[in-house]
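Chemist: Mind having a look at this structure? Questions to follow.
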Amino acid sequence: MAGGISTPALVSAVGEARALGFLAAGYLSADELRADIEELRALSTAPFGLNVFVPEEPSEPRRQLAVEYAEELGAWLGEAASKAGLGEPRYSDDEYDAKVAIALEVRPSLVSFTFGLPSDEVVVSLHDVGVPVAVTVTTAAEAEQAAARGVDAVVVQGWEAGGHRGSFLDDSDVEQPGLLSLLRLVAATTRLPMIAAGGIADGAAVAGVLAAGATAAMLGTAFMLTDEAGTSPVHRAAFSQGRASVVTRAYTGRRARGLDNELIRAMRAGAPSAYPEVHYLTSPMRAAARAGGDPERLHLWAGQCSALARQLPAGELVRQLDLETRTIREPHP
Ligand SMILES: Cc1cc2nc3c(=O)[nH]c(=O)nc-3n(C[C@H](O)[C@H](O)[C@H](O)COP(=O)(O)O)c2cc1C
């Protein structure tokens, strides 16, 4: 979970409890990523995964869309816009090549890519140093392409999932399959191991996705209230305010699921498909909203089961999930 939520302390606690925690490379500079890896290694020698964003190509029409959206958003923010400031709707490749080089050097137990497919060369170079590769898919067609690229597993991201959609083929506004449907659609398409993600918050759901053919379950939102997560106080508080979760482009130009708020409702019709430009446009506003404790301007990423997130140490959550899963999979007679 990029954006400061997956701290080295969280990845360490999860790894020490014998689940696989993921460091998030997204939005970090290569130097910041190196620092996070060093911090993690000082805390734990447990295996960990690394997650990397695959960048878009630069696009002037897309930048233009973001510039037009800046007008609309600025008009809605009014006074607040001049106080908090909107950023420049710029392009970045998120230092992709440098992050792949770090992965080759550090050799995490698994490198997962989202927002796109890594090239053949990147997949082969990771395999050459013994690192398996996973790619997030949101449709069966994406899983087919990932399989053709020679990856080792797919992260099957259901519509329930919190945070960004990992989609890379279909960027239209159509609703995508829920996790149970998607697992079976992907299983009918490829034989790759499936890591199920989206709305999983307890052992019953872990057991459910394993029964539906997944090899592993991946949980995001369920860890956001743990002690070690970097979730801000305003974001934590929003989990218990009865907000629905919705999918929106309003904050980054890429579809993402978060808790509903005033900004999302106001921008429902207007937000364009323009990632990463809209991400950079809204970054300063979001930083100010986080610092000022304003849940109506902050992006409150969360999946459909945020109401089930538990406040406890992350290692304890892993142990509870493990026990709950075993109780269902290995019932006593
Ligand atoms: C706050 C937040 C940040 C996320 N950041 C990333 C990320 O950096 N990379 C990624 O591949 N997925 C990211 N995701 C999506 C998760 O990998 C996963 O698909 C999702 O959390 C699963 O659904 P759940 O949140 O309902 O458990 C993020 C999700 C959340 C909630």
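Chemist: Considering only protein heavy atoms, with the full assembly of protein chains and a 1.4 angstrom probe, order E72, E228 by accessible area, largest first.
Modeler: E72, E228
Chemist: Full-extension gain between E296 and A98, please, as 0.36 nm times their residue separation minus the C-alpha to C-alpha distance.
Modeler: 67.8 nm
Chemist: May I pose another question? Roughly what would the spin-label model give for A148 and L323, points 7 Å off Cα along C-beta, in nm?
Modeler: It is 4.8 nm.
Chemist: Whenever you get a sec, compute what percent of the accessible area on segment 1-155 sits on carbon and sulfur atoms (1.4 Å probe).
Modeler: Within segment 1-155, the accessible surface is 50 percent carbon and sulfur.
Chemist: How far apart, in nm, are the 7 Å Cα→Cβ label points at E105 and R90?
Modeler: Using points 7 Å along Cα→Cβ, the separation is 2.4 nm.
Chemist: Here is a follow-up. Once you order the gyration tensor axes a ≥ b ≥ c over the Cα atoms, which shape class does segment 79-175 get: rounded for a/c under 1.5, otherwise prolate or oblate by comparing a/b with b/c?
Modeler: Cα axes put segment 79-175 in the oblate bin.
Chemist: Determine by what factor the alpha-carbon radius of gyration of segment 190-321 differs from 2.2 N^0.38 Å, reporting the quotient.
Modeler: Against the empirical 2.2 N^0.38 Å value, I get 1.15 for segment 190-321.
Chemist: Compute the Rg to Rh ratio over the chain from the alpha carbon atoms, using the Kirkwood formula for Rh, and round to two decimal places.
Modeler: 0.95
Chemist: Please state, to two decimals, what the Cα-based radius of gyration of segment 28-111 comes to when divided by 2.2 N^0.38 Å (N = residues).
Modeler: Working it through for segment 28-111, the quotient is 1.54.
Chemist: For segment 153-283, what does the accessible surface come to per residue with a 1.4 Å probe? Please give it in Å².
Modeler: Here the residues of segment 153-283 average 35 Å² of exposed surface.
Chemist: Per residue and in cubic angstrom, what volume does the convex hull of the Cα atoms of segment 239-311 have?
Modeler: So the per-residue Cα hull volume is 88 Å³.
Chemist: What are the semi-axes of the equivalent ellipsoid of segment 281-320, taken as the square roots of 5 times the eigenvalues of the Cα gyration tensor, listed largest first and rounded to whole Å?
Modeler: Values for segment 281-320, descending: 28, 12, 9 Å.
Chemist: Going by alpha carbons, how many degrees (0 to 90, nearest 10) lie between the helix axis of 96-106 and the longest principal axis of the chain?
Modeler: For 96-106 against the chain, the angle is about 30 degrees.
Chemist: How much length would be gained if the chain were fully extended between A237 and T215, taking 0.36 nm per residue of separation minus their Cα-Cα distance, in nm to one decimal?
Modeler: 4.6 nm
Chemist: Can you tell me the dipole magnitude for segment 1-140 around its Cα centre, using point charges on the Cβ only (Lys, Arg +1; Asp, Glu -1), in Debye to the nearest 20?
Modeler: 540
Chemist: Pop out the carbon and sulfur fraction of the accessible area of segment 266-333 as a percent, whole number, probe 1.4 Å.
Modeler: 54
Chemist: Please list 135-143, 17-25 highest first by mean number of surrounding beta-carbon atoms within 10 Å per residue.
Modeler: Going from most to least packed, we get 135-143, 17-25.
Chemist: Based on the Cα atoms of segment 138-193, what semi-axes does the equivalent ellipsoid have, where each is the square root of 5 times one gyration tensor eigenvalue, given in whole Å with the largest first?
Modeler: After diagonalising the Cα gyration tensor, the semi-axes are 18, 12, 10 Å.
Chemist: Run the helix sum for the chain: -39,500 (n - 2.57) per DSSP H stretch of 4+ residues, divided by residue count, reported at 222 nm to the nearest 500 deg cm²/dmol.
Modeler: The per-residue figure over the chain is -12500 deg cm²/dmol.
Chemist: Shape verdict for segment 18-61, please, from the Cα gyration tensor: rounded (a/c under 1.5), prolate (a/b greater than b/c) or oblate.
Modeler: Oblate is the answer for segment 18-61, as a/c is 1.5 or above yet b/c matches or exceeds a/b.
Chemist: Relative to the Cα centre, what is the charge dipole magnitude of segment 147-196, using +1 at the beta carbon of each Lys and Arg, -1 at the beta carbon of each Asp and Glu, and rounding to the nearest 20 debye?
Modeler: Here segment 147-196 has a charge dipole of around 280 debye.
Chemist: Find which of A101, G213, G293 sits farthest along the positive direction of the dipole of the chain, computed with +1 on the beta-carbon of Lys and Arg, -1 on that of Asp and Glu, about the Cα centre.
Modeler: The residue sitting farthest along the positive end of the dipole is G213.
Chemist: Which value, in debye to the nearest 20, gives the size of the charge dipole of the chain about its Cα centre, when Lys and Arg are +1 and Asp and Glu are -1 at the Cβ?
Modeler: 860
Chemist: Between helix 277-292 and the chain, what is the angle of the helix's C-alpha long axis to the longest principal axis, kept within 0 to 90° and rounded to the nearest 10?
Modeler: 90
The values are calculated or read from the model by the stated rules, or taken from the named source; none is laboratory data. Computed from a predicted structure; not experimentally measured. All Cβ positions, glycine included, derive from the backbone under ideal geometry; neighbour counts span all protein chains shown. What goes into the accessible areas is simple: the full protein's heavy atoms, side chains included, and nothing from ligands, DNA or RNA. Shrake-Rupley method; radii C 1.70, N 1.55, O 1.52, S 1.80 Å.
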